[in-house]
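Novice: I have a structure I would like to understand better, so I am pasting it below and will then ask my questions one at a time.
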Amino acid sequence: LNRKTSPPPPRQLPTIMSSPSPLSTLYFILTVGMAMILRLMSLSPLCDILNPDWILLVVVYWSMALPERFGVFTGWMVGLMTDVLTGRMLGQYALIYAVIAYFSVREHRRLRQFPILHQCLFVFYFLLFAKLVIFGLESLKAGNRLGLEFWYSAFSSVLAWPPVFWALRYVRVVARIV
């Protein structure tokens, strides 16, 4: 009757965060690569004016969906690649994408809970910021006029946000990236 009993082993709590999938980085690189290809595609001069900023949309999605893995540094690196890709002033898109990634990460909980149409409004603000920075830096190099066609890509990007969101969400669900 006088046996010593050992305490029960501690219960293992289920892990909420699974370890990052090694394929998540590959999927991110593939989606950014696809966005860069779409950025470079030129079907006609009209399509060039209306071409959405695919890369910015992908950066916003991934920094909003997985803020612990894709954040400011990732936005900065993608921006540097975009600068090299488009031949713009080095650091221009790096600055823009890093700042937008920062706000996406900072507000990711709020942005996730908004309906897709409200997210479009935030994406529009991000695009407005990007366009104003681009215009400001281009104006420093030479006097530029702000034509109406300058804003067309911002509006087309807002219209492209819901399909981009759902496509990247599908990739994330199918690939089981959490």
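The values are calculated or read from the model by the stated rules, or taken from the named source; none is laboratory data. Nothing here was measured: the structure is a model prediction, and the numbers come from that model. Positions of Cβ are backbone-derived with ideal geometry, glycine not excepted, and every protein chain shown enters the neighbour counts. Quick note on the areas: whole protein, heavy atoms, side chains included, nothing else; ligands and nucleic acids left out. Shrake-Rupley method; radii C 1.70, N 1.55, O 1.52, S 1.80 Å.
Novice: Report every pair of residues separated by at least 6 positions or lying on different chains whose Cβ atoms are under 7 Å apart, first residue within the range 156-178 and under 20 Å from Leu50 (Cα atoms), second of a type in the set (D, E, K, R).
Specialist: Cβ pairs passing all conditions: Ser157/Asp53.
Novice: Suppose the filter is modelled with pLDDT of 85 or more and assigned to a helix (DSSP H, G or I); does Leu26 pass it?
Specialist: Considered against the rule, which asks whether it is modelled with pLDDT of 85 or more and assigned to a helix (DSSP H, G or I), Leu26 comes out as yes.
Novice: What single numbered condition from (1) within 16 Å of Val58 (Cα to Cα); (2) in contact (Cβ under 8 Å) with a residue 24 or more places away in the chain fails to hold for Tyr125?
Specialist: The failed condition is (2).
Novice: Just checking, which of Met41, Met36 is of a type outside the set (Gly, Ala, Ser), more than 13 Å from the chain's Cα centre (by Cα), within 18 Å of Pro163 (Cβ to Cβ) and open to solvent by 20 Å² or more (accessible area, probe 1.4 Å)?
Specialist: Met41
Novice: Moving on. Within the range 68-93, track down each residue that is within 25 Å of Ile116 (Cα to Cα) and either open to solvent by 20 Å² or more (accessible area, probe 1.4 Å) or touching a residue at least 60 places away in the same chain (Cβ under 8 Å) (or both).
Specialist: Glu68, Arg69, Val72, Thr74
Novice: A follow-up question, please. Check whether at least one residue in the range 46-61 is part of a loop (DSSP other than H, G, I, E, B) and polar (S, T, N, Q), and report yes or no.
Specialist: yes
Novice: Here are some conditions: (1) at negative phi; (2) modelled with pLDDT under 90. Ser156 meets all but one. Which one does it not meet?
Specialist: Result: Ser156 fails condition (2) only.
Novice: Does Asp83 qualify as being part of a helix (DSSP H, G or I), among the acidic types (Asp, Glu) and closer than 24 Å to Leu121 by Cα?
Specialist: no
Novice: In the range 136-155, what count of residues is obtained for those that are touching a helix residue (DSSP H, G or I) at 6+ places or on another chain (Cβ under 6 Å) and either in a helix (DSSP H, G or I) or in contact (Cβ under 8 Å) with a residue 12 or more places away in the chain (or both)?
Specialist: The total comes to 4.
Novice: Report yes if some residue within the range 103-112 is surrounded by fewer than 13 Cβ atoms within 10 Å (Cβ to Cβ) and not charged (D, E, K, R); otherwise report no. Steps first, answer last, please.
Specialist: Restricting attention to the range 103-112, the residues satisfying the condition of being surrounded by fewer than 13 Cβ atoms within 10 Å (Cβ to Cβ) are 109-110, 112.
After this cut, where a residue has to be not charged (D, E, K, R) as well, the list is none.
Checked the range 103-112: no residue is surrounded by fewer than 13 Cβ atoms within 10 Å (Cβ to Cβ) and not charged (D, E, K, R).
Novice: What's the number of the condition Val133 fails, among (1) outside any helix (DSSP H, G or I); (2) surrounded by 15 or more Cβ atoms within 10 Å (Cβ to Cβ)?
Specialist: (1)
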